[in-house]
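J.: Take this structure first; my questions come after.
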Amino acid sequence: MILTCPECETSYFAEPDSIGESGRTVKCNSCGHSWFVSAAAVAAPTATQAHKAYRESQRRKKTAQARTTAASMWVSAGAVGIAMLSGLVMFRQQVVQAWPQSASTYAALGMPVNRFEIDFVASEAERFFDGTTPILEVRGLVANTTDGLLNTPLVRVNVLGDDGAILETALAPIEPAVLGAGAEGRFTARIEAPPVEAFELDIRLAAPGETEMTATGSTS
């Protein structure tokens, strides 16, 4: 006869006489599980039946192993994905510095990143005349937020219309050009004859590609 462990599905060949008329409890050598085999369940199989039962047992074992392997692969892939996401969050400053376009993605996820590591502390705008020429002067203070030295970028001042379109741009350097840890620097952007339809100002640090642009009617 063939005994199949209901726990791990390992099959064993056993003599019917070893079970007895009242049945008996048997134990799986593979997983240690014990179960009761009744005399009514005992029947001497033919060679064909025994072979078929063995093949079925092996098929079930292979199916179980395949499922276990697939589950392990999914768990491993999930662990790798979680590790990658954690790294993208923990090292987002470095990611944005290497790939500036990712800054908008982080911002959309509620994790804005200051890739320049420089904060605006204060800013003010003043209009006056230099002789008969109207002048718009924008002044401000920035600070190094790191514990090391930073080369300062240019400050970009955009003059916007009431529809948000850029009407005029000025680029201004930060002085000093290198800021120490926690140090502050100043900038002054000057725009001659600013557009009369100017509505508001957009003040930001200029990206590397923007440092070469020349703003009409402005000095930096």
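J.: Where a ≥ b ≥ c are the square roots of the eigenvalues of the C-alpha gyration tensor, would you call region 117-192 rounded, which needs a/c under 1.5, or, failing that, prolate if a/b is larger than b/c, or oblate? Walk me through the numbers before you get to the answer.
T.: On the way: a/c = 2.82, a/b = 1.93, b/c = 1.46.
In terms of gyration-tensor shape, prolate.
J.: Express in nm, to one decimal, how much length is gained between E117 and R186 on full extension, taking 0.36 nm for each residue of separation and deducting their alpha carbon distance.
T.: Value of the extension gain: 23.3 nm.
J.: Determine the gain in length on full extension of the stretch A165-A143; use 0.36 nm per residue of separation and subtract their C-alpha separation, reporting nm with one decimal.
T.: On the way: separation 22, 0.36 × 22 = 7.92 nm, distance 2.86 nm.
Answer, rounded to one decimal: 5.1 nm.
J.: What distance in nm separates the two pseudo spin-label positions at A14 and A198, each 7 Å out from Cα along the beta-carbon direction?
T.: Reported label-point gap for A14 and A198 is 9.5 nm.
J.: Let me ask another. 5 Å is the cut-off here: which amide hydrogens, built 1.01 Å from N in the peptide plane, fall below it relative to I174, excluding neighbours closer than 5 in sequence?
T.: So I174 has HN proximity to V155.
J.: Same structure, new question: Using label points projected 7 Å from each Cα along Cα→Cβ, tell me how many nm separate N151 and I135, to one decimal.
T.: 3.1 nm
Bear in mind that the values in this text are calculations on the coordinates, not laboratory data. Keep in mind that what you see is a predicted model, and the values were worked out from it rather than measured. In this analysis, Cβ positions are derived from the backbone assuming ideal geometry, glycine residues included, and neighbour counts consider all displayed protein chains.
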